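A quick write-up on the structure given underneath.
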Amino acid sequence: MNIALILAGGSGVRLGSDIPKQYISINGKAVITYCLAVFGAHPQIDAIQIVAHKEWQESISREMTKAVLDKFMGFSAPGSNRQYSIFHGLQDIVQYAKKTDIVIVHDAARPLVSASLLASCINVCKEHDGVLPVLPMKDTVYLGDGNQITSLLEREKVYAGQAPEAFVLGKYYEANRRLIPDGIERINGSTEPAIMARMDVAMIPGEEGNFKITTQADLERFKTLLNGE
């Protein structure tokens, strides 16, 4: 079974809006609704678990298509940070899924994920412990101490990670569980616990269009693409 874990518990403060970015309505539908539609329609996704605050759960449910509702397994409570939210979702998922199943972690604020990228994550994860879509760095990357440059990184070896990230459920759950209670607070990226646990994580090419809505400029870009301008 392939389970999508959709993260919709963020506050969206960087967008400068009173409404979290994933719940902003565009053309009559919340951003998360566009995201869920991809997972609902995808033939390789068997179940959907959503991390969301209680105050938003009713509105999320109201906009779900039949395809999403047929796969929807329930809501999970957000945690104190993104990775704790993931762990809460994993705790619920392991109650109905097998250790050998695949969990696909994705942000509700990435509504333009393609069906082909999702399929690639799932298919490659069958041969590895995890999969991370990446984009190559376009700019020269430096290390610094805040005041001056201390070293130059090899751009060819530096990548920007994207979501969805896919993992073998049992191994990924244990990798996160080992970080409870304090270590998980220091995690910034979903793949970090897997790397720390020495899981075999493959890289696949990401997609430029699969951007996360973080700023107002991102939101305007999404509107433009959605309207075919």
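Miscellaneous remarks
- At q = 0.15, 0.21, 0.22 Å⁻¹, base-10 log of I(q)/I(0) for the range 149-229 (Debye sum, equal scatterers on each alpha carbon): -0.79, -1.04, -1.07
- 23 Å Cα-Cα reach of Lys138 towards lysines, excluding residues that sit fewer than 8 places from it in its own chain: Lys157, Lys212
- Residue among Leu152, Gly10, Gly206 farthest towards the positive dipole end of the chain, charges placed on Cβ: Gly10
- Mean projected area in nm² (Cα convex hull; one quarter of hull surface) for the chain: 13.6 nm²
- The range 96-201: chymotrypsin sites (Phe, Trp or Tyr not before Pro) falling in loop per DSSP and having at most 14 other Cβ within 10 Å: Tyr96
- Per residue, the convex hull spanned by the Cα atoms of the range 75-205 amounts to 143 cubic angstrom.
- In the range 113-181, GluC sites (Glu not before Pro) in a DSSP loop with at most 15 other beta-carbon atoms within 10 Å: Glu127, Glu154
- Here the relative contact order of the chain, from alpha carbon pairs under 8 Å that lie six or more residues apart, stands at 23 percent.
Values in this text are rule-based calculations from the coordinates and carry no lab data. Note that the structure is predicted; figures quoted are calculated from it, not measured. When we count neighbours, we look across all protein chains shown, and the Cβ atoms used for this are built from the backbone with ideal geometry, even at glycine.
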